[in-house]
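Here is the structure we will look at.
The values are calculated or read from the model by the stated rules, or taken from the named source; none is laboratory data. Computed from a predicted model, the values in this text were never measured in an experiment. Cβ atoms come from the backbone with ideal geometry, glycine included; neighbour counts cover every protein chain shown. Note: areas computed on protein heavy atoms with side chains; ligands, DNA, RNA excluded. Shrake-Rupley method; radii C 1.70, N 1.55, O 1.52, S 1.80 Å.
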Amino acid sequence: MKQHLHFRIILLCLLIASAINSKAQQEYTLTTSPANISSAKALIDLPGLSGNTNAIIIATPLGNTKTMNPHPTGAWYYSGKWNIFNCDFAPMPVGMTYKVQYFLNPGVNQFLHLVTQGNLGAEGSYIDNPALNNKPNVQFTIFPNHSPEVRAGSWLNPYEAKTGYSASAGKWYITNISGQAMLKGCAYNIVINTG
C-alpha cells in the first residue's frame with residue numbers, strides 16, 4: 001500500500017514537471033553549417049520540436065550574424081521539422097549563430113498571431129490579446145512563423161516587420177518596415193517579456 005502511494009506521488013510530480021516544462025522557455029544555440037543548411041534554411045533538430053506544429057520559436061542573431069546575413073529571418077515548419085530561414089529565400093550562409101528560444105506549447109505570454117482580413121487596418125495587423133491590449137509599455141518580441149503544411153492559406157512575408165502601438169485602438173500592431181502592405185495569411189510568433 002505504501003509503495004503504491006509512493007508511485008502515485010512520483011507520477012504526480014512527473015506530470016506537474018511536464019506541464020510546467022511545456023510552458024517554460026527553453027534555449028538552444030544554432031550555428032549554421034553544411035550539415036544543417038538546405039538552401040535558405042537551417043534545421044533545428046531538437047526533441048520536443050520535431051513533429052510539434054504548436055511550438056513558439058524566436059531566434060536572435062548573435063555576434064556579427066545580422067551583419068553577415070542581413071535578411072529577415074523566421075521559423076519555418078517543413079517536413080515535420082522546424083528551421084530558421086531567410087524570409088526572402090536568400091541562401092543561408094555557413095557560420096551564422098542564433099540564440100533560439102522556444103516554448104513547446106503556446107501560453108498566455110507566448111502565442112501565434114495570424115494576419116487576417118479582420119485584423120488588418122490602416123496601421124497594420126492589430127494584435128488582439130489581453131496580455132497586450134491597452135498596455136503601451138509592454139515589451140515583446142515577434143518572429144515570423146511560416147507553416148504552409150499546417151495552415152491553409154499561409155503566406156510568407158519576405159519583408160522585415162516591426163511593431164507599433166495604436167493609442168486610438170488600444171492595441172499593438174505589426175507592420176512592414178519598408179511600408180509594403182501586410183498580407184493576410186502571414187503569421188508571427190509573439191513572446192511577451194515577463195522578466
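Per-structure values
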quantity: Restricting the range 144-171 to residues that are open to solvent by 80 Å² or more (accessible area, probe 1.4 Å) and aliphatic (A, V, I, L, M), the residue that is nearest to His113 (Cα to Cα); calculated: Ala152
quantity: Residues of the range 85-124 that turn out to be touching a Lys or Arg at 6+ places or on another chain (Cβ under 6 Å) and open to solvent by 60 Å² or more (accessible area, probe 1.4 Å), as a count; calculated: 1
quantity: Qualifying residues in the range 136-157 (those that are modelled with pLDDT of 90 or more and of a type in the set (S, T, N, Q)) - the one farthest from the chain's Cα centre (by Cα); calculated: Asn137
quantity: Flag if Gly164 is on the phi < 0 side of the Ramachandran plot, among the small types (Gly, Ala, Ser) and touching a helix residue (DSSP H, G or I) at 6+ places or on another chain (Cβ under 7 Å); calculated: no
quantity: Residue within the range 34-41 that is hydroxyl-bearing (Ser, Thr, Tyr) and surrounded by 14 or more Cβ atoms within 10 Å (Cβ to Cβ) present; calculated: no
quantity: Within the range 107-132, considering residues that are among the polar types (S, T, N, Q) and part of a loop (DSSP other than H, G, I, E, B), the one farthest from the chain's Cα centre (by Cα); calculated: Gln117
